[in-house]
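Okay, structure first, notes after.
The values are calculated or read from the model by the stated rules, or taken from the named source; none is laboratory data. Just so it is clear, the structure is predicted and the values come from calculations on it, not from any experiment. Quick reminder, even Gly has a Cβ in these numbers, built from the backbone with ideal geometry, and neighbours come from all protein chains shown.
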Amino acid sequence: MADTIQLEIVTPERLLVSDQATELQIPGTSGYLGVLPGHAPLITELRSGELSYRRPDGNIQRLAIHWGFAEVLPDKVTVLAERAEKATEIDVGVAKRQQQMAEEQLKNPDANREEALRLIERAKTRIEVAGRHDNSLLNMIP
């Protein structure tokens, strides 16, 4: 069995990640899914959440993933995300403003509640992922 698994994360706009991982965690709709090399094949739907993976050098990479699908094979994981961004790309100030605007939307009785809740979930995920990235060295396991 190989020590790594190929990870590709794709959005409609770009190939965001093409990297090797020794392990990863994916935000599935039923909860987080841990994946190691040699994992049984599966396809899962994704929710908004943090996707994290450990590179062979031990560094942990974090991304905010927003809805989509993941295909897991023994030697490769392909994530097709509606939206995704690396923790280093997230502007926390913008995410907080988007969350506030969506929360204001919910106060309007004519607002699309489902869309406002999706925007809030997305903003919270972005804020959490960016915050974890700042502390990622503290969270690394040797």
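General remarks:
- Residue satisfying all of: in the stretch 34-49; assigned to a strand (DSSP E or B) and at pLDDT 95 or above; farthest from the chain's Cα centre (by Cα) among these: L42
- Here the condition is being in a strand (DSSP E or B) and among the basic types (K, R); of R83, R97, it holds for R83 alone.
- Residue within the stretch 41-55 that is more than 23 Å from A123 (Cβ to Cβ), out of contact with any strand residue (DSSP E or B) (no Cβ under 9 Å at 6 or more places or on another chain) and surrounded by fewer than 17 Cβ atoms within 10 Å (Cβ to Cβ) present: no
- Taken over the stretch 103-124, the criterion of being under 17 Å from R47 (Cβ atoms) and in contact with a Lys or Arg (Cβ under 9 Å, 6 or more places away or on another chain) is satisfied by E121, R122, A123.
- Filtering the stretch 79-111 to residues that are exposed (fewer than 13 other Cβ atoms within 10 Å of the Cβ) and in contact with a His (Cβ under 8 Å, 6 or more places away or on another chain) leaves only T88.
- Residue within the stretch 61-70 that is surrounded by fewer than 20 Cβ atoms within 10 Å (Cβ to Cβ) and among the β-branched types (V, I, T) present: no
- Given (1) of a type in the set (S, T, N, Q); (2) touching a Leu at 6+ places or on another chain (Cβ under 9 Å); (3) not assigned by TED's automatic domain parsing to the domain that holds I127, index of the condition S30 fails: (2)
- The number of residues in the stretch 95-122 that are under 20 Å from the mean Cα position of the chain (by Cα) and small (G, A, S) comes to 2.
- Among the residues of the stretch 1-17, those identified as surrounded by 16 or more Cβ atoms within 10 Å (Cβ to Cβ) and within 16 Å of the chain's Cα centre (by Cα) are L7, I9, V10, T11, L16, V17.
- Yes/no for A64 being assigned to a strand (DSSP E or B) and within 17 Å of R118 (Cα to Cα): yes
- Residue pairs meeting the criteria (Cβ under 7 Å; at least 6 apart or on separate chains; first among the acidic types (D, E), in the stretch 102-127; second at pLDDT 90 or above): E121/S48
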